[in-house]
Amino acid sequence: MDMENVKQIFRDAGTAISRAVQFTEEKLGKAEKTEQDPNFEQLVTFCDNTKQNTESILKNMEFILNSNPGMRVENLFFLDKKKSGLSSSEYLGIAMTEAGNDFGPDTAYGSALIKVGNIQQTLGLNQREFIKSANDCFVNPMNKYLETDMKTVVKERSLLEKRRLDLDACKTRVRKTRMLATTKVKAEHDLKVAQEEYDRQAEITKLLMEGVPSAHPQHLQHLLDFVDTQAAFYLKCHESLMSLQSDLSGFPSDQDNVATLSPDTPALGRIQQAKVITSQEPRDANDLRLSAGEIISIDVNSDIGSNYFIGKKIQKGKVYKSNVRLLNQG
């Protein structure tokens, strides 16, 4: 190591010590601190809010997109390469279809298990596609912003703080040299250089921070893309489940076997879809429990009495006419 490198090491060490002393004295109230103008401080606050809120959003987004810790553990240890990366719904679907085949696809229970299992696997596939799309349209671009633009702003702000400490340390030395009447020229020269470096770095930092608000419109577009992706995901899931519910409407249920309805109640005849407009709580064992917004099957030929139909979800029961709207009647 040549002498020049040794001198540089000592100069760097001296600068670091000077900054540490200045920082400590400021905290103790024994040294003055150069303050920025209000506009600059507003930019600092805006940048901090952007950074912190973006990080918080991405952190919570990760819990939504990676809500199955078992997937991460399995992928880590490669317990089953054939099934590696599957979602919880897909594992459930596989278990159901295997059970259905064991019980016999010709039996009611076995056939239902296979149907439900296939839909569960479809839901799991939809979920994995949603996760990929959400990462592509929102998570990755936002992470890239934090790792590039915002990281540059943070780096330049850190450098500005160092320049500020150097400047204030020089100001302190000038005041002391005036009191001691020694090395005044060198101290004033160091102060002039420190002021120039500080002003230059402050301008660079300000320009970078002024660019942060211009990134928000792009962030908004990423957010809108995420909502579109999420809406498409839930629509696919809804359609799959409605199709499954319709397929299962003809399966015998425990309530069918118990025959809690009147012996004179006819079997389901002409089936029609209906939407539940008012939630229905069972008044007795014959009533179905319904939630507003559900789509159920209604036997329009079962107009028994004057106020209810016979409806079916998984089980069969009474559905009061005032609580549903037949879909073909608008």
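For the stretch 109-115, backbone phi angles converted through the Karplus equation (6.51, -1.76, 1.60; θ = phi - 60°) give residue-by-residue couplings of 5, x, 5, 5, 4, 5, 4 Hz, Gly and Pro being listed as x. In this structure M242 has an accessible area near 60 Å², from a 1.4 Å probe over the protein heavy atoms. The gain in end-to-end length when the T278 to L159 segment is fully stretched comes to 36.6 nm, 0.36 nm per residue minus the alpha carbon separation. In this simple spin-label model, placing a label point 7 Å from the Cα along the Cα-to-Cβ direction at both E239 and E147 gives a separation of 3.4 nm.
With θ taken as phi - 60° and the Karplus curve 6.51 cos²θ - 1.76 cosθ + 1.60 applied, the whole-hertz 3J(HN,Hα) list for the stretch 204-213 is 4, 5, 4, 4, 5, 5, 5, x, 5, x Hz, x standing for glycine and proline. Computed on protein heavy atoms with a 1.4 Å probe, the accessible areas place S249, S243, S322 in the order S322, S243, S249, largest first. When the C-alpha to C-alpha distance is required to be over 30 Å, the pairs from K33/K59; K115/K316; K236/K275; K59/K275; K162/K186 that qualify are K33/K59; K59/K275. Given R0 = 51 Å, the distance between the Cβ atoms of L220 and A108 translates into a calculated FRET efficiency of 0.50.
Largest accessible area first, the listed residues L223, L248, L159 line up as L223, L159, L248 when surface is computed with a 1.4 Å probe on the assembled protein chains. Non-local amide H neighbours of V324 (under 5 Å, H modeled in plane, Pro and chain starts lacking H): which ones? Here the answer is I277, since their amide H atoms fall under 5 Å of that of V324. Note on R200/L58: beta-carbon distance plugged into 1/(1 + (r/R0)^6) with R0 of 25 Å gives a FRET efficiency of 0.15. Neighbours of K51, meaning other residues whose beta-carbon lies under 13 angstrom from its beta-carbon, give a summed charge of 0 when Lys and Arg score +1 and Asp and Glu score -1.
The calculated FRET efficiency for the pair T45 and H189, based on their C-beta separation and a Förster distance of 41 Å, comes to about 0.70.
Using a probe of 1.4 Å on the protein chains alone, the accessible area found for E129 is around 80 Å². Y308 contributes an accessible area of around 40 Å² to the protein surface, as traced by a 1.4 Å probe with all chains present.
Sequentially through the stretch 150-161, phi angles give Karplus couplings (6.51, -1.76, 1.60; θ = phi - 60°) of 5, 5, 5, 4, 4, 5, 5, 5, 5, 5, 4, 5 Hz, Gly and Pro residues having no value and appearing as x.
The values are calculated or read from the model by the stated rules, or taken from the named source; none is laboratory data. The shown structure was predicted, so the numbers you read here are calculated from the model rather than taken from an experiment. As a convention, Cβ positions derive from the backbone with ideal geometry for all residues, glycine included, and neighbour counts pool all protein chains shown. Ligands, DNA and RNA are stripped out before the accessible areas are found, and what is left, the full protein with its side chains, is counted by its heavy atoms. Shrake-Rupley method; radii C 1.70, N 1.55, O 1.52, S 1.80 Å.
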